[in-house]
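Encoded as structure tokens, the structure appears first; notes follow it.
The values are calculated or read from the model by the stated rules, or taken from the named source; none is laboratory data. Since the model is a prediction, treat every value here as computed from it, not as a measurement. Heavy atoms of the whole protein, side chains included, go into the accessibility calculation; ligands, DNA and RNA do not. Shrake-Rupley method; radii C 1.70, N 1.55, O 1.52, S 1.80 Å.
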Amino acid sequence: MKKIFIAAVLIASFFAQGFCQDLSPADTTDKTDTSEKVFYLSPLRDSLLMGGGAALAGTIFVLDKFVKFNHDEFDGDLAEKSSIPALDRVFMNKYSKGLDLTCDIMRTSMLLAPVPLFLFTTSKSEWFTLAMMYGETLFWTWGTTDLIKNCVVRARPYMYYDGAPEEDLKEGDWKNSFPSGHTSITFASAAFTSYVFWQYYPESPWRWGVTGISFGLAGTVAALRMAGGCHFFTDVLTGALIGSAYGILIPWLHTRAPMARKTSGGKVEKLRGFEMDIAPGALVFTVRK
């Protein structure tokens, strides 16, 4: 549940910036014309996305903390290394506590990275929307990954060598190899950051740098998870696919205004429906009939 806690902290950081900072007179005009907003919130859609993600995370919490599902201690019975598929066997390694800790630090850093980036490159009226989208992305990525982990039994690579971490052997984490949670969440952050930045700044030369650095760091985490003996190649590959899918899908679902159309001048004309937005100290719900 440390993951869910981090997600809550990230969302809270956006909310705090949006609700608690006073706008100076010079800032009362939004940097972005609301008629040309890139991302839009919908009470129905976002209630389902955030609620569904939270429900999925809650299910994992119950399975993990109360049901103790898939938490068996290691009994010493493990298949031979030769039974591992050839592609996975190539990247198998012993456990490395140093690399495991390094991955924890990199994962947390990547989770936090989108916060300062978008706080300094987008207007305050966009922060609430970004917070919602990022929170939904993280909840669905973690929920999906951990649900699969609890349903699929696969021993981690370090179990085929000496020196497996005792804590994992006792708590049952030794057989939660598939898929890689570190990889899924870092790729979700990388995909989200890249996609959102490209949508805001489609002509900026920095978009290539943001994408390259984001996915480069995520790829490094994936490589270190294998080098540290914590995951197989197919574990990190699946995690990367899950994270990238949610990192792009969630913000993509927010790229169209509810019940809107483009005019001949390229402007977005909002017809009818609901819209949710942030104003200084308040949430604004707009209903168009």
Report summary line: Of Cys230, Cys151, ordered by accessible area with the largest first and a 1.4 Å probe, the sequence is Cys151, Cys230
Query raised in the report: Between region 173-221 and region 85-106, what's the alpha-carbon centroid distance in Å?
Result: 19
Query - Full-stretch length increase - Asp104, Leu78 - with 0.36 nm per residue and alpha-carbon distance subtracted - result: 6.6 nm
Query - 3J(HN,Hα) from dihedral phi, region 58-74, Karplus parametrisation 6.51/-1.76/1.60, rounded to Hz, x for glycine, proline - result: x, 4, 4, 4, 5, 4, 7, 8, 10, 6, 6, 5, 6, 10, 5, 6, 5
Query - Val210 accessible area, 1.4 Å probe, all protein chains in place, Å² to nearest 10 - result: 20
Query raised in the report: So for Lys81, Lys94, what's the accessible-area order with a 1.4 Å probe, most first?
Result: Lys94, Lys81
Query raised in the report: Between Arg256 and residues 5 or more places away or on another chain, which pairs have amide H atoms under 5 Å apart, with H built 1.01 Å from N, and which residues are they?
Result: Tyr40
Query raised in the report: Ordered by residue, what ³J(HN,Hα) values in Hz, to whole numbers, does region 87-97 give under the Karplus form 6.51 cos²θ - 1.76 cosθ + 1.60, where θ = phi - 60° and Gly and Pro are x?
Result: 4, 6, 5, 4, 9, 6, 8, 6, 6, 10, 5
Report summary line: For region 105-110, in residue order, the Karplus 3J(HN,Hα) values (coefficients 6.51, -1.76, 1.60; θ = phi - 60°; whole Hz; Gly and Pro = x) are 5, 5, 4, 5, 4, 5
